[in-house]
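Let me begin by presenting the structure, written as structure tokens, before commenting on it.
What follows draws every value from the coordinates through simple rules; no lab data is involved. None of the values given here were measured: they were computed from a predicted structure. We place every Cβ from the backbone using ideal geometry, glycine too, and count neighbours over all the protein chains shown.
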């Protein structure tokens, strides 16, 4: 249905995330992957979705001179927001362990923003999911970090992995948003193009 509506358009997914790529495929979209690196710096005054909205827009900048009439560029950014601060991707095992210890026995927000950019338009939207974790033991945290190496994941975990199976007790909002793509919102926005 969506693929018919977007026939003749060139969808560019600017994300190296295997989870986002898989969700795009499951949505039935024909797309190419093109990633350009960018310094993901933002002002410390930004909070929650202000951060992800800003970074999703920032990720479109390296593509601006390349966009053609039929192109639809899609960028995104995900953070975990906990105790009034952003938890991004851990740089190493110790950072991942520290993050999971912070999240253990509490709830946090996962916020994902998407920017859809064409030659003439730019639309940014976001989704928020609240994730509840049980009290994780240090053995569980160490086992997960050692075996799954979650260094490419905001907050140091992937909900679709072992830690999500044993640790997540409740979700308020979209599961796929926690994976890094609010597919339901992306679908609606692409239909409007």
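For the chain, the longest principal axis of the Cα atoms and the long axis of helix 49-58 meet at an angle of about 50 degrees.
Inter-label distance, residue 170 to residue 1: 3.2 nm, where each label sits 7 Å from its Cα along the C-beta direction. Summed over qualifying helices (DSSP H, 4 residues or more, each -39500 (n - 2.57)) and divided by its residue number, the chain shows a 222 nm mean residue ellipticity of -9500 deg cm²/dmol. The angle between the Cα long axis of helix 138-148 and the longest principal axis of the Cα atoms of the chain comes to about 40 degrees, rounded to the nearest 10.
Report the FRET efficiency, 1/(1 + (r/R0)^6), for residue 192 and residue 22, where r is their Cβ-Cβ distance and R0 is 22 Å, rounded to 0.05. The computed FRET efficiency comes out at 0.40. Here the translational diffusion coefficient of region 104-167 follows from Stokes-Einstein with Rh set to the Kirkwood radius across Cα pairs; for 10 °C and 1.306 mPa s it amounts to 116 µm²/s. For residue 107 and residue 50, FRET efficiency with R0 = 30 Å and r from the beta-carbon atoms, rounded to 0.05? Here the calculated transfer efficiency is 0.90.
Stretched out straight at 0.36 nm per residue, the stretch from residue 32 to residue 120 would grow longer than its current Cα-Cα span by 29.7 nm. Taking the C-alpha atoms only, the angle from helix 183-192 to the longest principal axis of the chain is near 10 degrees. Distance from the alpha carbon centroid of region 67-139 to that of region 1-60 works out to 13 angstrom.
Gain on full extension, evaluated as 0.36 nm per residue between residue 137 and residue 91 minus their Cα-Cα distance, stands at 14.4 nm. Taking 0.36 nm per residue of separation and subtracting the Cα-Cα distance, full extension of the segment from residue 71 to residue 147 would add 23.4 nm.
Across all Cα pairs in region 40-124, the calculated P(r) in 10 Å bins from zero up to the longest distance comes to 17, 39, 27, 13, 4 percent per bin. By the gyration tensor of its Cα atoms, with a ≥ b ≥ c the square roots of the eigenvalues, what is the shape of the chain: rounded for a/c under 1.5, prolate for a/b over b/c, or oblate? It comes out prolate by the Cα gyration axes.
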